[in-house]
1. So which pairs qualify, if the first residue must be in the stretch 115-127 and under 13 Å from Ser90 (Cβ atoms), the second must be basic (Lys, Arg) and at pLDDT 90 or above, the Cβ gap must be under 8 Å, and the two must be at least 6 apart or on different chains?
2. Between Val54, Val87, Val48, Val101, which is open to solvent by 10 Å² or more (accessible area, probe 1.4 Å), farther than 27 Å from Ile276 by Cα and in contact with a Phe, Trp or Tyr (Cβ under 7 Å, 6 or more places away or on another chain)?
3. Scanning the stretch 120-163 for residues that are outside any helix (DSSP H, G or I), open to solvent by less than 30 Å² (accessible area, probe 1.4 Å) and of a type in the set (Val, Ile, Thr), which turns out nearest to Cys180 (Cα to Cα)?
4. Give the stretch 15-42 a look and list any residue that's in contact with a strand residue (DSSP E or B) (Cβ under 8 Å, 6 or more places away or on another chain), more than 11 Å from Met234 (Cα to Cα) and in a helix (DSSP H, G or I), or say none.
5. For the stretch 57-84, how many residues meet the condition of being β-branched (Val, Ile, Thr) and surrounded by fewer than 21 Cβ atoms within 10 Å (Cβ to Cβ)?
6. Which residues, counting only those in the stretch 249-288, are modelled with pLDDT under 90, in contact with a Ser or Thr (Cβ under 8 Å, 6 or more places away or on another chain), part of a loop (DSSP other than H, G, I, E, B) and open to solvent by 40 Å² or more (accessible area, probe 1.4 Å)?
7. Could you tell me whether Thr221 is under 23 Å from Ile257 (Cα atoms) and open to solvent by 10 Å² or more (accessible area, probe 1.4 Å)?
8. I'm trying to understand the selection: among the residues of the stretch 230-257, which are within 18 Å of Pro7 (Cα to Cα) and among the acidic types (Asp, Glu)?
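The values are calculated or read from the model by the stated rules, or taken from the named source; none is laboratory data. None of the values given here were measured: they were computed from a predicted structure. Heads up, the Cβs are rebuilt from the backbone with ideal geometry, glycines too, and the neighbour counts pull from every protein chain shown. Note: areas computed on protein heavy atoms with side chains; ligands, DNA, RNA excluded. Shrake-Rupley method; radii C 1.70, N 1.55, O 1.52, S 1.80 Å.
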Amino acid sequence: MTSEMTPLMSCPARYRQAMIAYLQNTNRTEKVLELCSTKIPEAVNAAVGTCPDVFQYISIGTAMGENDIRVLLELKKQYKKITATIVEPSPDMISTFKENVSKMGPLLDGVEFVWYTMTLEEYMEREHTVQQFHCIFLNGVIDYFKNLAESLKYLYKALDKNGLIAIVNVSVNNVFSAMCEQYPNLMFDFEVVPTKNLIPILDDVGSRYTVSEMEAMVDITTCMQEDSEIGNLMLDIFTHVANFRETAPKDLVDDVIQFLTSPGLLLHRSDDSVIICNSRDVIVVHVQRP
């Protein structure tokens with residue numbers, strides 16, 4: 001990364017814009033929403049059954065909250081009182097999440113939100129007493145943990161004996177996995193953690209878990225267009241550099257665009273569209289019973 005290039009995570013407003021552009025151009029969004037509407041609530045209901053008076057839910061790295069809201073709407077059908085602990089370091093994301101909650105009106109009656117504008121590590125330092133949760137949701141956030149093993153062990157310890165952790169993680173068939181492998185010096189503030197690296201930690205804490213792949217894709221057609229604001233925002237997400245096309249050397253920009261359309265990632269290309277891989281792994285973790 002040259003001195004003119006700025007990490008995307010240090011520009012919250014730009015990061016939010018880039019994330020919106022990315023989400024609008026991938027079916028990963030609808031795939032995850034489907035997961036949140038069916039598989040996660042069904043798994044929770046099967047594991048937890050009848051719970052105490054208040055169902056305890058926590059989500060780490062929530063972004064704008066659409067996925068969490070979908071999960072909570074489904075859980076409300078089974079559990080009348082829910083405390084939703086939201087841990088998200090971006091003030092912009094938290095603000096948008098709160099706006100999205102307000103739009104739900106009475107549909108989220110009975111859900112009490114507790115907001116923490118901080119990272120998981122900061123939350124762990126603040127909350128010395130480990131609270132027990134029935135559902136812990138980690139959607140695309142594993143890559144941002146400073147200490148993966150300690151974070152997962154903490155969260156497993158915070159899991160109710162009948163609860164579960166739902167993890168959505170990048171698969172090997174994913175643009176971010178490929179970018180981090182190809183450009184490790186470019187994406188220095190963002191390191192993809194493959195699911196295979198989670199398994200030894202989950203084994204070490206004695207959990208039981210299942211892993212499945214959720215196929216998805218992303219349309220990068222606008223990235224081929226130099227004057228496309230949407231395309232430039234998406235390049236920011238893929239590289240984790242703010243204003244990448246403007247600040248990176250031209251040969252690097254050209255190389256990244258060529259790599260994004262390489263055979264290992266490319267699913268479809270025509271005069272009208274360019275589609276690449278964006279799949280995810282879904283890991284559901286339970287407490288191992290004797």
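1. Trp115/Lys98
2. Val101
3. Checked the stretch 120-163; the qualifying residue nearest to Cys180 (Cα to Cα) is Val141.
4. Arg28, Lys31, Val32, Leu35, Lys39, Ile40
5. First, the residues of the stretch 57-84 that are β-branched (Val, Ile, Thr): 58, 60, 62, 69, 71, 82-83.
Filter once more, so that each one left must be surrounded by fewer than 21 Cβ atoms within 10 Å (Cβ to Cβ): 83.
The total comes to 1.
6. Of everything in the stretch 249-288, those that are modelled with pLDDT under 90, in contact with a Ser or Thr (Cβ under 8 Å, 6 or more places away or on another chain), part of a loop (DSSP other than H, G, I, E, B) and open to solvent by 40 Å² or more (accessible area, probe 1.4 Å) turn out to be Asp272, Gln288.
7. On the way: under 23 Å from Ile257 (Cα atoms): yes; open to solvent by 10 Å² or more (accessible area, probe 1.4 Å): yes.
Taking the combined requirement at face value, the residue satisfies it.
8. Asp236, Glu246 - these are the residues of the stretch 230-257 that are within 18 Å of Pro7 (Cα to Cα) and among the acidic types (Asp, Glu).
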